[in-house]
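The values are calculated or read from the model by the stated rules, or taken from the named source; none is laboratory data. These numbers come from a predicted model, not from an experiment. Ideal geometry is used to build each Cβ from the backbone, glycine not excepted, and the neighbour counts take in all protein chains shown. Ligands, DNA and RNA are stripped out before the accessible areas are found, and what is left, the full protein with its side chains, is counted by its heavy atoms. Shrake-Rupley method; radii C 1.70, N 1.55, O 1.52, S 1.80 Å.
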Amino acid sequence: MTDDTDVWKIASAADAARARAAAAGIVVAAGTPALDRARFLTSLSARLRNCLDQGGTWELRLLTGGTEHEGRLDVRLRPFDGGTAQNEPACEPVLSCPLPNPPAPGGRAGRPTSPSRALLSADEDTAAVLRLLDEQERLVQLHREELHQTNQGVLALHSDLEAAALAQRELLEAERSARAEVERARRLLNFLADASAAITSSLSPTEVLRRLTDLLVPEYAARLDVWLFDEEQGEEEGPVQEHSRAAVVAARTGRPQHAAAHPGNLPGTDDLPPAAMSPDRPLLAIPLITHRLLGVLTLIAPGPRFDADTCLMLVELGRRAGVALDNARRYEQHRDTAEALQRAQLTELPDPDGLLLAARYLPATQGMNIGGDWYDAFLQPDGSLLAVIGDVTGHGMHAAVVMGQLRTALRAYAVEDNSPAEILTRLHRMLRHLQPQLYATAMIARFRPGDPEVVWASAGHPPAVVRDADGSVRILDDAPGVMLGIPIAFTYADHVTRLPTGSSLVLYTDGLVERRAHGIDPGIERLRQALAGLSTPELEQDLDAAAEALLKPLMHDSERDDDVCLLLCHTVTYPAS
């Protein structure tokens with residue numbers, strides 16, 4: 001659709017009326033809704049009145065435009081002077097009106113021809129607006145009546161709702177209280193579960209007591225004391241101390257005791273007068289019982305009282321603490337026995353000509369991982385020396401006993417002048433029949449007086465490390481045989497390496513070089529570097545100090561998951577006969 005423009009000169013009221021009538025004719029013919037038409041024409045009349053009030057001649061342009069399906073009428077007003085409109089901006093913004101059915105170019109269908117006819121047309125628009133207002137007023141009245149009826153219903157229900165709200169508040173308070181009790185019980189159960197896991201995961205009595213203190217103080221106890229009895233005599237461990245009457249009664253009766261100015265009426269607990277050690281706060285003495293009485297746990301309340309639920313939780317935690325302490329004590333006894341048996345079977349090193357020997361044994365510091373590693377060194381009738389290192393799978397007493405059996409059998413087989421490989425072959429056969437479910441690794445090296453060649457054989461053991469006299473370090477990485485006891489027939493092979501005067505051979509168990517996070521190869525490399533850092537004078541002047549120097553960089557932390565055995569052999573000049 002192309003634009004079409006009408007221009008009107010406005011110098012009087014009649015001019016203004018005719019221009020308005022022309023605009024009205026356009027919007028009426030285009031089918032503009034009555035409400036939009038009324039708004040548009042009212043705004044146009046106001047602008048025309050403003051022009052007349054200012055005086056002079058004005059130019060009014062009626063511009064129809066838009067698309068084929070949707071048009072609009074734009075009105076522009078600006079002063080007119082001497083035949084052309086002044087190049088001034090319009091006094092007001094463009095006034096627009098939508099034209100749903102835009103007229104054809106050059107056409108002005110339906111345009112009023114006189115001010116009187118325009119006036120009558122204006123009344124029709126006003127009538128349409130009034131009809132719309134009447135309809136809206138009728139709808140508003142209906143809504144008012146509906147609102148009034150609704151308000152009446154609300155007022156009628158108000159008293160019932162208030163009563164229901166009161167009942168609801170009471171129910172909510174009851175529910176809130178119940179929820180608080182349930183939440184508190186849940187929290188106590190969760191704490192009991194977490195605390196039990198913490199104390200039972202340790203096998204050190206000292207650590208169990210430390211964790212118990214950390215868990216209970218200060219939330220559940222202002223102070224905590226533990227009175228432990230000697231296992232065999234039932235007496236107090238450590239220096240004699242004074243204990244509250246409640247603790248003494250709890251030890252005598254095996255029942256929890258509550259000491260306070262007022263009875264606590266706690267479940268399963270007897271009441272006593274306040275304790276001298278805590279006259280202002282209640283005291284709770286809980287016996288630590290398993291199959292026997294281990295001691296008494298005494299707690300001073302963190303507040304004015306112990307409530308029933310907390311008391312039940314503390315008594316149950318005391319029972320579990322007793323079990324944890326009993327397990328830790330039994331573990332320490334078993335561990336100490338295994339370590340004592342292990343050390344009793346370790347060999348006192350001989351002092352052969354032409355060879356310096358130093359050995360170290362370090363038990364594991366974590367768990368029951370002791371009892372399987374051993375070293376041995378002994379002279380043969382022909383003057384040769386066998387150096388042995390070994391590691392039995394498994395730990396504890398059983399591994400220590402099997403280790404002793406292997407050590408004894410190895411010495412017996414060596415008496416027959418068997419080579420290292422023959423000894424391992426016979427040990428392998430023996431272990432398969434003696435302990436079918438238990439395996440071992442071992443390495444044997446034979447030193448002969450004045451002979452720079454050392455014969456060795458390995459049964460699945462980590463490779464030995466050699467430091468030559470010139471300070472270079474190498475690893476005996478020939479393929480080892482299978483582990484001793486593996487359920488297959490196997491014959492081991494001897495290997496030979498040169499170890500002239502001033503050379504060192506290091507035998508060790510995997511606890512020295514293996515770490516869970518890194519495997520064994522990085523540890524062997526660290527051992528190689530540590531051995532390379534030693535000088536020949538250091539080795540020959542104090543071989544024990546050299547052994548410590550080898551251990552230090554590899555055992556930098558104090559926690560060990562496994563036993564460690566180290567056997568250091570250093571060749572020196574063989575004395576002349």
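The table below gives the values:
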read-out	value
Criterion (modelled with pLDDT of 80 or more and of a type outside the set (Gly, Ala, Ser)) met by exactly one of Arg108, Arg169, Arg131, Arg117	Arg169
For Leu357: the one exception among (1) at pLDDT below 90; (2) open to solvent by 20 Å² or more (accessible area, probe 1.4 Å); (3) in contact with a helix residue (DSSP H, G or I) (Cβ under 9 Å, 6 or more places away or on another chain)	(1)
Residue check, Asp478 in contact with a His (Cβ under 7 Å, 6 or more places away or on another chain), open to solvent by 60 Å² or more (accessible area, probe 1.4 Å) and either at pLDDT below 95 or closer than 26 Å to Gly404 by Cα (or both)	yes
Members of region 481-524 found to be among the aromatic types (Phe, Trp, Tyr) and open to solvent by 50 Å² or more (accessible area, probe 1.4 Å), listed by number	Phe490
Qualifying residue in region 200-210 (condition: modelled with pLDDT of 90 or more and among the hydrophobic types (A, V, I, L, M, F, W, C))	yes
Flag for Arg411 being touching a residue at least 24 places away in the same chain (Cβ under 8 Å), under 12 Å from Gln380 (Cβ atoms) and either open to solvent by 60 Å² or more (accessible area, probe 1.4 Å) or in contact with a His (Cβ under 8 Å, 6 or more places away or on another chain) (or both)	yes
Any pair with Cβ under 9 angstrom, 6 or more apart, that starts in region 515-533 at a residue that is within 18 Å of Ala364 (Cβ to Cβ) and of a type in the set (Val, Ile, Thr) and ends at one that is part of a loop (DSSP other than H, G, I, E, B) and at pLDDT below 90	Ile520/Glu514
Counted residues, region 66-96 - those being more than 15 Å from Ala11 (Cβ to Cβ), crowded, with 16+ Cβ neighbours inside 10 Å and at pLDDT 75 or above	7
Pairs, first within 19 Å of Glu316 (Cα to Cα) in region 170-187, second open to solvent by less than 90 Å² (accessible area, probe 1.4 Å), C-beta under 7 Å, six or more apart	Arg184/Asp309; Ala185/Asp309
Unmet criterion (only one of (1) modelled with pLDDT of 90 or more; (2) within 43 Å of the chain's Cα centre (by Cα)) for Leu386	(2)
Only one of Ala545, Ala549 that is out of contact with any strand residue (DSSP E or B) (no Cβ under 8 Å at 6 or more places or on another chain), part of a helix (DSSP H, G or I) and surrounded by 16 or more Cβ atoms within 10 Å (Cβ to Cβ)	Ala549
Any hit, region 521-535, residues being more than 30 Å from Tyr439 (Cβ to Cβ) and hydrophobic (A, V, I, L, M, F, W, C)	yes
